[in-house]
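Asks: Just dropping this structure here.
The values are calculated or read from the model by the stated rules, or taken from the named source; none is laboratory data. Because the structure is predicted, anything quoted here is derived from the model rather than measured. Cβ placement follows ideal geometry from the backbone for every residue including glycine, while neighbour counts extend to all protein chains displayed.
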Amino acid sequence: MSTGQRHPPILKRRGLMLILSSPSGAGKTTLTRMLLQKKECDLTLSVSVTTRERRSSEADGIHYHFIAPDRFEAMRERNELLESAEVHGNCYGTPRGPVEQVIATGRDVLFDIDYQGTQQVRSKAPQDVVTIFILPPSMRELRARLERRAEDGPEVIERRLANSRTEISRWTMYDYVLINDDLQKIFTDILDILAAERLKRFRRENSVSAFVGDLLAE
């Protein structure tokens, strides 16, 4: 016999922009890869454009779109970038169109960008952005990770370490701040943040409003 109980409704929502930032070597690239590999997260990676040279471990169109400086400048002048910044002498930017198309469908976009880009994205889409800053457990460990990575020479490593102090000092700009001293724990923390942010009322305002209207009409 039917109890008359209905299945809970599927409440549609607007997608969000999940931004991970950290100084070089603190773990945001590893965490980004882990999030993308977990299919339940259903995250789309925002692939930035950059004017820097491609590293041997990188593929064009997957890690970055590697473009010439004049093309980058043209994109910026046409307002085709959601954010842009100069880091370590190179330019980086996020193409606006692909991101806006994804979040309009209710799916989420993952960003791996620095504090300069984060602030620009937040200023343009404040309600769509969730920001997380990743801290290293110590400066000694940060240096060790950069050296183990073996992708940069000693001078570049020293410059990255010097710049990391500026980046770390911007931690108050972020919604959440996590210390990467246990990779699995910090990954779980990020999953919890994502789950909670997806349930926030304002992201599901329209569909909840419609459901409540029907509920009160019974």
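Asks: For segment 103-119, state whether one or more residues are charged (D, E, K, R) and without any contact (Cβ under 8 Å) to a residue 24 or more places away in the chain.
Replies: Initial filter on segment 103-119 (charged (D, E, K, R)): 107-108, 112, 114.
Imposing the further condition that a residue be without any contact (Cβ under 8 Å) to a residue 24 or more places away in the chain reduces the set to none.
No: segment 103-119 contains no residue that is charged (D, E, K, R) and without any contact (Cβ under 8 Å) to a residue 24 or more places away in the chain.
Here is a yes/no grid of residues against (1) at pLDDT 90 or above; (2) among the hydroxyl-bearing types (Ser, Thr, Tyr):
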site	(1), (2)
102	yes, no
105	yes, yes
111	yes, no
138	no, yes
158	no, no
161	no, no
171	yes, no
176	yes, yes
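Asks: Another one. Output the residues belonging to segment 174-207 that are more than 13 Å from residue 22 (Cβ to Cβ), without any contact (Cβ under 8 Å) to a residue 60 or more places away in the chain and hydrophobic (A, V, I, L, M, F, W, C).
Replies: If the condition is that a residue be more than 13 Å from residue 22 (Cβ to Cβ), without any contact (Cβ under 8 Å) to a residue 60 or more places away in the chain and hydrophobic (A, V, I, L, M, F, W, C), then 195, 196, 199 are the ones that fit.
Asks: Identify, please: which residue in segment 1-27 is in a loop (DSSP other than H, G, I, E, B) and under 22 Å from residue 138 (Cβ atoms) and is, among those, modelled with the lowest pLDDT?
Replies: First, pick out the residues of segment 1-27 that are in a loop (DSSP other than H, G, I, E, B): 1-16, 22-27.
With the extra rule that they be under 22 Å from residue 138 (Cβ atoms), the set shrinks to 22-27.
Numbers: 22: 92, 23: 89, 24: 83, 25: 80, 26: 88, 27: 86.
Restricting to residues being in a loop (DSSP other than H, G, I, E, B) and under 22 Å from residue 138 (Cβ atoms), the top hit is 25.
Asks: Any chance segment 204-211 includes a residue that's part of a helix (DSSP H, G or I), within 21 Å of the chain's Cα centre (by Cα) and aliphatic (A, V, I, L, M)?
Replies: Within segment 204-211 (the criterion being part of a helix (DSSP H, G or I), within 21 Å of the chain's Cα centre (by Cα) and aliphatic (A, V, I, L, M)), the answer is no, since none of the residues qualifies.
Asks: Which of the residues that make up segment 121-135 are within 22 Å of residue 199 (Cα to Cα) and either free of Cβ contacts under 8 Å to residues at least 12 places away in the same chain or surrounded by 14 or more Cβ atoms within 10 Å (Cβ to Cβ) (or both)?
Replies: 121, 122, 125, 126, 128, 129, 130, 131, 132, 133
Asks: Regarding residue 57, is this residue surrounded by 19 or more Cβ atoms within 10 Å (Cβ to Cβ), more than 27 Å from residue 206 (Cβ to Cβ) and modelled with pLDDT under 90? Break it down into steps so the answer makes sense when it comes.
Replies: Values: surrounded by 19 or more Cβ atoms within 10 Å (Cβ to Cβ): no; more than 27 Å from residue 206 (Cβ to Cβ): yes; modelled with pLDDT under 90: yes.
So residue 57 fails the test.
Asks: Considering (1) under 13 Å from the mean Cα position of the chain (by Cα); (2) among the aliphatic types (A, V, I, L, M); (3) assigned to a helix (DSSP H, G or I), say which one residue 142 fails and leave the rest.
Replies: (1)
Asks: Of the conditions (1) under 20 Å from the mean Cα position of the chain (by Cα); (2) under 21 Å from residue 22 (Cα atoms), residue 89 satisfies every one except a single condition; which number is it?
Replies: Condition not satisfied by residue 89: (1).
Asks: In this structure, is residue 138 of a type outside the set (Asp, Glu) and farther than 24 Å from residue 194 by Cβ? Outline the logic, then answer.
Replies: Values: of a type outside the set (Asp, Glu): yes; farther than 24 Å from residue 194 by Cβ: yes.
Here the answer is yes, as residue 138 does meet what is asked.
Asks: Something else about it: Can you tell me which of (1) part of a helix (DSSP H, G or I); (2) surrounded by fewer than 17 Cβ atoms within 10 Å (Cβ to Cβ); (3) in contact (Cβ under 8 Å) with a residue 40 or more places away in the chain; (4) among the charged types (D, E, K, R) is the one residue 158 doesn't meet?
Replies: Of the numbered conditions (1) part of a helix (DSSP H, G or I); (2) surrounded by fewer than 17 Cβ atoms within 10 Å (Cβ to Cβ); (3) in contact (Cβ under 8 Å) with a residue 40 or more places away in the chain; (4) among the charged types (D, E, K, R), the odd one out for residue 158 is (3).
Asks: Would you be able to say whether some residue in segment 28-36 is farther than 30 Å from residue 148 by Cβ, at pLDDT below 95 and either among the basic types (Lys, Arg) or out of contact with any helix residue (DSSP H, G or I) (no Cβ under 7 Å at 6 or more places or on another chain) (or both)? Before the answer, list the steps.
Replies: Let us first name the residues in segment 28-36 that are farther than 30 Å from residue 148 by Cβ, namely none.
No, because not a single residue in segment 28-36 is farther than 30 Å from residue 148 by Cβ, at pLDDT below 95 and either among the basic types (Lys, Arg) or out of contact with any helix residue (DSSP H, G or I) (no Cβ under 7 Å at 6 or more places or on another chain) (or both).
Asks: Looking only at segment 70-100, which residues are aromatic (Phe, Trp, Tyr) and either at pLDDT 95 or above or surrounded by fewer than 19 Cβ atoms within 10 Å (Cβ to Cβ) (or both)? So that I can check it myself, show each step before the final result.
Replies: Taking segment 70-100 first, the residues aromatic (Phe, Trp, Tyr) are 72, 92.
Result: 72, single match.
Asks: Taking residue 118 as the residue in question, decide whether it is outside any helix (DSSP H, G or I) and under 24 Å from residue 98 (Cβ atoms). Before the answer, list the steps.
Replies: Working: outside any helix (DSSP H, G or I): no; under 24 Å from residue 98 (Cβ atoms): yes.
So residue 118 does not fit the description; no.
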